[in-house]
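This report refers to the structure that appears directly beneath it.
Values quoted throughout were computed directly from the atomic coordinates according to the rules given, and no laboratory measurement underlies them. Keep in mind that what you see is a predicted model, and the values were worked out from it rather than measured. So basically every Cβ, Gly included, is an ideal-geometry build from the backbone, and we count neighbours across all protein chains shown.
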Amino acid sequence: MKEVFHVHYEKRGLKPDVGVDRPDYFCFLAYARLALEHVWGRHPEAKRIDFVVALNGKITDRIKEFHEQLKLLVEPPFTDMVGDLIPARMEDRLGLQAADFLCWHWQRYLACGSQGSKMMRTDERRLALIVEASGRAYTWKREDLESLAGKFFPS
């Protein structure tokens, strides 16, 4: 990730962000870009997208920095669609609880497979409620990263 993204920052005269090569921050940027594209494509009347993130100390502070740069990293029409970043407590936001729930079950599913054990049937049913039918994790390849970088940094 570092090799792919830092080149684009430097071409724009920007200092590469600390953390671009770390999954938490990369996932926020990828999610934000894909959410903007998805909403614009399906709801062109939408004006802004606000992003709600869990309060999580240093990670939240770093995501705030990435959010501030998001407008610099996306091209029109997405630039004007970047709304506010809203840090919130998980106890107060159902969406954050659902995201945590999904991640917990997905992590457990992957851990069971790597240890050669099997998930309990009830856990499989819970995961099936929230995961795509394929049940496979997506692995980012270099060309995927380059494609996403190209969306942030069009030539």
Within region 51-76: backbone nitrogen closer than 19 Å to the Arg93 label point (7 Å, Cα to C-beta): 51-71
Two-site label geometry, Ala46 and Trp104: point separation in nm, points 7 Å out along Cα→Cβ: 2.8 nm
Convex hull of region 1-88 built on C-alpha atoms - directionally averaged projected area, nm²: 5.7 nm²
Efficiency of FRET from Cβ geometry, Ala111 and Thr79, R₀ 41 Å, rounded to 0.05: 0.55
